[in-house]
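Read through the structure below, which is laid out as structure tokens, and then see the notes.
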Number of protein chains: 2
Amino acid sequence: MAASAHKAKTPVKSPWAATRDRAAEREEKREAVLQAAAQAFAENGYYKTSLDSIAARLGVTKPTLYYYARSKDDLITAIADRAMLQIMAAFESDEQAPALVQLQHLIRRYVEVMATDFGRCIMVTREIRLEGPGGEELRVGMRKIGQRMRDLLQQGMADGSIGPCDVRLTAFMIAGAVNEIPHWYSDDGPMSPATVAEKFANQLAAGLAPR
Amino acid sequence: MAASAHKAKTPVKSPWAATRDRAAEREEKREAVLQAAAQAFAENGYYKTSLDSIAARLGVTKPTLYYYARSKDDLITAIADRAMLQIMAAFESDEQAPALVQLQHLIRRYVEVMATDFGRCIMVTREIRLEGPGGEELRVGMRKIGQRMRDLLQQGMADGSIGPCDVRLTAFMIAGAVNEIPHWYSDDGPMSPATVAEKFANQLAAGLAPR
């Protein structure tokens, strides 16, 4: 049935495919740059991290690094932005579930992200009061996470899954408990991010449920 | 009865008294320097605060300021150290009381201090990873506060005032909730530090009490 024209041939080496390969390679390298930078910022903070030290972690020269990121602010913004979007992904939840369950879902994700180098960088941007549009975008994002928690606390008091509480204060208490994670959580410790997330979500839920 | 030698005289103007006055005056000025510096660090963080800007807040020149503090590190250490001692003062509590009540006492004080410019400076030293003996002393102090909370949580599980919990994780959650206060509490807001302290202590206690 197969027409002879369709028999296997050595494929033409397309320049577009090569472009795609180069794009993929560039993406992979940019990813490695972000990972190395996130690790450096998480370990040493913003001011004690230099582009040189990030380049050294990757075994490349600073000019090579410049090809992927123009400045420390570029890097920290890209890193923190990604972490924030990872947390916000948990805004999607089963709307039929009690609000407390939806809040646990958000807390679990928030904790998991904060236990990574990327999540730690959200706190680093806050510590340095990062300015410019990148800093503002992050602040707006973090406020949205706070707002989502307040909405769920309010909903939970309405649907009976959460006991009476001061919504604003409680949201700040939860955020604080989670934002503290970068200060004590160690990848080398006995608990995985998922374990910490589960413990946090359960303990906070126990504290919030009506008595 | 009074001997004539004892009748009121114009007091001799003693040079020692004058020295005491000068010492008191110096102390008062140093206090003002610490207050102004605490306010500046709390508002703008460490890196964006200069000795010049602190001098400007006081309406003095930088050389005058130098007489009271040699460096930003001197200042931030003195400020954070005082705040930490204020928190530690709450280690003294009624040992006959249930551990949960003693923990509430500590949380109340911890919150009150964190709602002041001096308390905010503890967080600033942490953010900048303050080095040297001053930085180390602060880290040791903060660890002692954590240890005190863990001890009370443990005691509370033993005396029945606190339900079963992961002591280490719970202490970190409480510390995080309190350490977050500098990020949202405003002196201009509707709540006094004492009100926030009361709400925190009560809500955390409600979450910790056995069910």
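All of the numbers you see were taken from the coordinates with simple rules; none came from a lab. All values derive from a computational prediction rather than experimental measurement. Ideal geometry is used to build each Cβ from the backbone, glycine not excepted, and the neighbour counts take in all protein chains shown.
Some observations on this one:
- In chain B, the DSSP-assigned H stretches of four residues or longer account for a calculated mean residue ellipticity at 222 nm of -23000 deg cm²/dmol, using -39500 (n - 2.57) per stretch and the full residue count as denominator.
- The range B:35-151 gives an Rg/Rh value of 1.06, both radii derived from C-alpha positions and Rh following Kirkwood.
- Dipole orientation for the protein assembly as shown: of the candidates A:CYS165, B:MET123, B:ALA209, B:MET123 has the Cα lying most toward the positive pole (charges on Cβ; Lys, Arg +1; Asp, Glu -1).
- Two-site FRET efficiency, A:ARG211 against B:ASP166, from Cβ-Cβ distance with R₀ of 22 Å, rounded to 0.05: 0.60
- For the residue pairs A:LYS144/B:LYS48; A:LYS29/A:LYS62; A:LYS72/B:LYS48, the C-alpha atoms sit more than 22 angstrom apart in A:LYS144/B:LYS48.
- For the rotational copies A and B, the chain A residue with its Cβ nearest the relating axis, together with that separation in Å, is A:GLY207, 1.
- Position B:PHE91: other-copy label points at 4.6 nm, ordered by increasing distance, label point 7 Å along Cα→C-beta.
- Rg/Rh (Cα only; Kirkwood hydrodynamic radius) as it applies to the range B:80-208: 0.96
- Against the compact-protein benchmark of 2.2 N^0.38 Å, the Cα-based radius of gyration of the protein assembly as shown scales to 1.26.
- Spacing of the modelled spin labels on A:THR61 and B:ARG70, each 7 Å from Cα toward Cβ, amounts to 4.3 nm.
- Extension gain for B:ASP94 to B:ASN44 (0.36 nm times residue separation, less C-alpha to C-alpha distance): 14.1 nm.
- Across the range B:117-211, Cα pairs under 8 Å and at least six residues apart give a relative contact order of 32 percent.
- Shortest-first nm distances, A:LEU58 label point to equivalent points in other copies (7 Å, Cα→Cβ): 4.6
- 10 Å Cβ shell holding at most 13 others, DSSP loop, GluC sites (Glu not before Pro): longest site-free stretch of chain A: A:1-91
- Centroid-to-centroid, using Cα positions, the range B:37-52 and the range A:149-207 are 32 Å apart.
- Formal net charge of residues neighbouring A:ALA99 (Cβ-Cβ distance under 10 Å; K, R +1; D, E -1): -3
- Copies compared at A:ARG22 - label distances in nm, ascending, label defined 7 Å from Cα in the Cβ direction: 7.6
- Working from Cα pairs under 8 Å separated by at least six residues, relative contact order for chain A is 23 percent.
- Within the listed set A:PRO133, A:PRO164, A:PRO182, the residue fluctuating most in the Gaussian network model of chain A (springs between alpha-carbon atoms under 10 angstrom) is A:PRO133.
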